[in-house]
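Undergrad: Starting off with a structure, shown below.
The values are calculated or read from the model by the stated rules, or taken from the named source; none is laboratory data. Here the structure is a predicted model, which means the values were calculated and not measured. So basically every Cβ, Gly included, is an ideal-geometry build from the backbone, and we count neighbours across all protein chains shown. Keep in mind that these areas ignore ligands, DNA and RNA; they rest on the heavy atoms of the full protein, side chains included. Shrake-Rupley method; radii C 1.70, N 1.55, O 1.52, S 1.80 Å.
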Amino acid sequence: MALTAEPLCRYKRWMRIDSLPRFPLAQLPTPIEPLKALTRELGGPELITKRDDQTGLALGGNKTRKLEFLVGEALAQGADTLVTVGAAQSNHCRQTAAAAAKAGLKCELLLNGQKPELLNGNLLLNELLGANEHWIERSQRTAKLKELPEQLRAQGRKPYVIPVGGSNGVGATGYVVAMIELMEQLRTSKQRVDHIVYGTSSGGTQAGIQLGAAVAGFKGQLHGLSIDKNDPEHFEYEAEVAQIANDCAKYIGADVVLTQDDVKVVYGYKGEGYGVVGDLEREAIRMMARSEGIILDPVYAGRAFGALVDLIRKGTFKRGETVLFWHTGGSPALFAYAKDVV
Ligand SMILES: Cc1ncc(COP(=O)(O)O)c(C=O)c1O
């Protein structure tokens, strides 16, 4: 199904994105690059990539786009501190720490597990960016995300709480804007895209892309490649993504409702679990690096690209079709996985 992008005004005029609080953090638009060598090597569809690893904030990634709207709202509410939660090597936490630094806010991070002796990857950057870390058990996440802001309020601070991955209606707005940005790029370059693929985990990126696609009239197919869930655990996830998209639609004033059946997630690539590096990720990271000079991380973009390679080999896409791999960033985490990757 070919895509024909409509003029921007057609889908922007009935939304209020331009009047929402937004704090500029990203270098936009991110480039679209052809993956010529990989296209040849894999012998399938034409491959291109959108480089959201190049969003520019403290080594980039998809969270920059969400944080523009989250930090915008935090500042509009008079907050003085961003509070969020994530895995030890969370890209979201690193980007939140950077956004806080740039916006003149304090940052409190709730991280899963025990603080390692060697600060590496995103943890090193959190330290340099001046975030305050609290190490917790993953099972305590929800409780601590309530407790910590209460403690901060008792000290006279004004916390703004960002959910895991920045995935709520406000954060997803960043990916509605990203989808509109992509449609504009395709329209001006007269390029056609049949499939868009990206890693999905906490759902905000997918919710924004799906809502943006509905709003902007994208006619191709969307494939969220789950990096941390397996079928049949999935029903709740589709419902969660639809809920984020619908919260986002209300926030931006878009007259669109998504159901869980609209949310397209591909399963089967969880491997040994979240953040456990296997042959799929190792091959994908090397292939992308050696063929295109582009760096992927093993947890998100590397796993998602590995899944895409597998789908291409299985003949999921037709020759002559164009597949856009949305590079969502994450490469700083690569250094913390050095011994698993080589
Ligand atoms: C590099 C990278 N790619 C993709 C994702 C998935 O995005 P989302 O959590 O919005 O589903 C994440 C989430 O942390 C990420 O860090």
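Undergrad: Among residues other than residue 317 whose Cβ falls under 13 Å from its Cβ, what is the net charge (Lys/Arg +1, Asp/Glu -1)?
TA: 0
Undergrad: Let me ask something else. Would you please state the base-10 log of I(q)/I(0) at q = 0.09, 0.22 1/Å for the range 200-342, with intensities from the Debye formula using one equal scatterer on every alpha carbon?
TA: -0.30, -1.35
Undergrad: List the residues, sorted by chain then number, that are 5 or more residues from residue 107 or on another chain and whose placed amide H is less than 5 Å from its amide H.
TA: 82, 132
Undergrad: A further question on this structure: Nothing charged except the Cβ atoms of Lys and Arg (+1) and of Asp and Glu (-1): what's the magnitude of the dipole of the range 67-174 about its Cα centre? Round to the nearest 20 debye. Kindly include the intermediate steps, with their values, before the conclusion.
TA: On the way: 11 positive and 10 negative charges, 25 e Å.
Magnitude of the dipole: close to 120 debye.
Undergrad: Give 115/339; 63/229; 144/270; 50/318; 270/339 a once-over and call out the pairs whose C-alpha atoms are over 24 Å from each other. Mind showing how you got there, number by number?
TA: Details: 115/339 19 Å; 63/229 20 Å; 144/270 27 Å; 50/318 20 Å; 270/339 20 Å.
Too far apart for the 24 Å limit: 144/270.
Undergrad: Percent of Cα-Cα pairs per 10 Å bin, from 0 to the last occupied bin, for the range 245-300, please list those.
TA: 19, 29, 22, 26, 4
Undergrad: So, one more: To the nearest 20 Debye, how big is the dipole of the chain about its Cα centre, given +1 on the beta carbon of each Lys and Arg and -1 on that of each Asp and Glu? Could the numbers behind the result be given before it?
TA: Details: 40 positive and 39 negative charges, 147 e Å.
That gives a dipole near 700 debye.
Undergrad: Right, here's the next one. Accessible area per residue for the chain in Å², computed with a 1.4 Å probe and the full protein assembly in place, what is it?
TA: 42
Undergrad: Name the aspartates and glutamates eligible as straight-distance cross-link partners of residue 219: C-alpha to C-alpha under 12 Å, and not fewer than 8 places from it in the same chain.
TA: Partners within reach: 6, 194.
Undergrad: Whole percent per 10 Å bin, from 0 to the bin with the longest distance: what is P(r) over all C-alpha pairs of the chain?
TA: Calculated over all Cα pairs of the chain, the distribution is 6, 26, 36, 24, 7, 1, 0 percent.
Undergrad: Taking only the C-alpha atoms, wrap a convex hull around the range 139-231 and report its volume per residue in Å³ as a whole number. Mind showing how you got there, number by number?
TA: Working: hull volume 10.5 nm³, N = 93.
Dividing the Cα hull volume of the range 139-231 by its residue count gives 113 Å³.
Undergrad: Report for the chain the percent antiparallel among DSSP-assigned beta bridges with both residues inside it, nearest 5. Please list the in-between numbers first.
TA: On the way: 3 of 34 bridges.
The antiparallel proportion sits near 10 percent.
Undergrad: Right, next: Sort 180-193, 299-312, 107-120 for me by packing, meaning the mean count of neighbouring Cβ atoms within 10 Å per residue, highest on top. Working shown, then result.
TA: On the way: 180-193: 17.6, 299-312: 26.2, 107-120: 15.9.
Going by the mean number of other Cβ atoms within 10 Å, highest first, we get 299-312, 180-193, 107-120.
Undergrad: Looking at the chain, do any whole DSSP H helices span at least 27 angstrom along their long axis by alpha carbon and average -0.5 or above on Kyte-Doolittle, and which?
TA: Numbers: long enough: 169-189 (30 Å, 0.59).
Span-like helices in the chain: 169-189.
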